[in-house]
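Q: Take this structure first; my questions come after.
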Amino acid sequence: MSNKNEAYLCLSAMLRAREPRLLNDDRAQRMLEAPSFEEAAKLLTDCGYEDMSQMSAKEIEAALTKHRDEIFKELEELSPQREVVDAFRLKYDYHNAKALIKAEAMGVDAGRLLSASGRVAPGELKQAYSEGRFAELPEELGAAMEEAKAVLARTGNPQLADMILDKAYFSELKKAARSAESSFLEGYAEILVDSANLKSAVRILRMGKGEEFLRSVLMSGGSVDEGRIASAGDAEGVAALFASGALEKAAALAAEAVSGAGMTAFERACDNAVGEYLSDARLVSYGSEPLIAYMAAVEGEITAARMILTGRLSGIAPGVIRERLRDLNA
């Protein structure tokens, strides 16, 4: 037993004790079958959320975001390795960076779109962006934001700026995993890259754009080299590259999605593949794996809760909402 894993003993035990309260498929189904939005929202209190039965969609979003922020802050204080928590936090830094870029392009204020779940406080990030003080930010994030801002100023195209930030995010995610010396976290980063690349390939093939454009949006660091994906030629070629790996089920749906079938089943299969990878953490009694799986489960839970609650509030049929939910294996 390594000293590093020993340091996770208490935290792993605490998270194992919390896992039964996470939103799972059965609870999600009961929320979908509840006679009203109010009753569906009350069921979520069993998972530790505040009562959202009288909230608007905007208030629900704020409550869910606050819930995630509080959990991330707590786990950052308890984790023996900050790098593990940072691997999840940095996603929200890049979300905030994208929001700032889009807001500038549209001439609006990004304040209400910024998340407090990142490593950098939203106000600090916003000020650094507006004043060009990128050197005060985490190195890769600051460099990417500076480049993205310059590209936006030169081209007026926020999509190009987003691509720069996406590449920096996945690069930094891989570095965080290596820094944590966690093979499980490295595998998680790898399957996230694979999932993102497969989704990008399908969307771009659906749009009829060529190899050069596809190559420009693909990320490095996955199990399938991005160059091979770009040169695969068609949907069948792309699907074949992923057919023997963790994204096998998604790959089987890729050609249908490119041919005009809906994207819902395909994207759900991509998300489920990530969930199946994380389920292997259940075989590990203690270490970074339970923390990684728990943080990912919280993110998945919040995504599902948002879809169910806002869907029910808007009067969307429960069956339609169910089709969009990934499997909740907690």
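Q: How high is the FRET efficiency between residue 155 and residue 56 when r is their beta carbon distance and R₀ equals 45 Å, given to the nearest 0.05?
A: The formula returns an efficiency of 0.75 here.
Q: Tell me the Kirkwood hydrodynamic radius of segment 241-285 in angstroms, computed as one over the mean inverse distance between distinct C-alpha pairs.
A: Final number for the Kirkwood radius of segment 241-285 is 11.2 Å.
Q: Now for a different question. Along the charge dipole of segment 139-228, which of 200, 144, 165 sits closest to the positive end, that is, farthest toward it, with unit charges on the beta carbon of Lys, Arg, Asp and Glu (+1, +1, -1, -1)?
A: The residue sitting farthest along the positive end of the dipole is 200.
Q: Here is a follow-up. Tell me, what is the per residue accessible area of the chain in Å², probe radius 1.4 Å?
A: Ligands and nucleic acids excluded, the figure is 46 Å² per residue.
Q: If I histogram all Cα-Cα distances within the chain using bins 20 Å wide from 0, what percent of pairs lands in each bin?
A: So the P(r) values, bin by bin, are 28, 62, 10.
Q: Residues with beta-carbon under 15 Å from that of residue 6, excluding residue 6: net charge, scoring Lys, Arg +1 and Asp, Glu -1?
A: With Lys, Arg at +1 and Asp, Glu at -1, the net is -1.
Q: Please state the relative contact order of segment 148-217 as a whole percent: Cα pairs under 8 Å, 6+ residues apart?
A: 19
Q: Which residue, 252, 311, 224, has the largest displacement toward the positive end of the dipole of segment 215-330 when charges sit on each Cβ (Lys, Arg +1; Asp, Glu -1)?
A: The listed residue farthest towards the positive side: 311.
Q: Using +1 at the C-beta of Lys and Arg and -1 at the C-beta of Asp and Glu, which of 293, 210, 115 has the Cα lying farthest in the positive direction of the dipole of the chain?
A: Going by the Cα projections, it comes out as 210.
Q: With no solvent and one equal point scatterer placed on each C-alpha of segment 218-298, evaluate the Debye formula and give log10 I(q)/I(0) for q = 0.14, 0.18 Å⁻¹, two decimals.
A: Debye intensities relative to I(0), on a log10 scale: -0.57, -0.83.
Q: Something else now. Over the chain, what percent of the accessible surface lies on carbon and sulfur atoms, probe 1.4 Å?
A: 50
Q: If you don't mind, another one. Counting Lys +1, Arg +1, Asp -1, Glu -1, what net charge surrounds residue 216 among other residues with beta carbon under 15 Å of its beta carbon?
A: -2
Q: Say the cut-off is 21 Å between C-alpha atoms; which of 102/126; 102/175; 4/91; 91/209; 91/149 go over it?
A: 102/175; 4/91; 91/209
Q: What whole number of Å gives the distance from the Cα centroid of segment 298-322 to the Cα centroid of segment 82-118?
A: The distance from the Cα centre of segment 82-118 to that of segment 298-322 comes to 23 Å.
Q: Whats the longest run of the chain with zero GluC sites (Glu not before Pro) that are DSSP loop and have at most 14 other Cβ atoms within 10 Å?
A: 182-330
Q: Heads up, I need the accessible area for residue 65: 1.4 angstrom probe, whole protein in place, Å², nearest 10.
A: Approximately 30 Å² of residue 65 is accessible to the 1.4 Å probe.
Q: Continuing with this model, one more query. Given only helices, namely DSSP H runs of n ≥ 4 each adding -39500 (n - 2.57), what is the per-residue ellipticity at 222 nm of the chain, to the nearest 500 deg cm²/dmol?
A: -22500 deg cm²/dmol
Q: Then there's this: Would you check the accessible area of residue 86, probe 1.4 Å, heavy atoms only, in square angstrom rounded to 10?
A: Accessible area of residue 86: about 30 Å².
Q: Once each part is reduced to its C-alpha centroid, what is the distance from segment 229-274 to segment 1-63 in angstrom?
A: Centre-to-centre (Cα) distance: 31 Å.
The values are calculated or read from the model by the stated rules, or taken from the named source; none is laboratory data. Fair warning: this is a prediction, and the values are worked out from it, not measured in the lab. Virtual Cβ from ideal backbone geometry, glycine too; neighbours counted across all protein chains shown. What goes into the accessible areas is simple: the full protein's heavy atoms, side chains included, and nothing from ligands, DNA or RNA. Shrake-Rupley method; radii C 1.70, N 1.55, O 1.52, S 1.80 Å.
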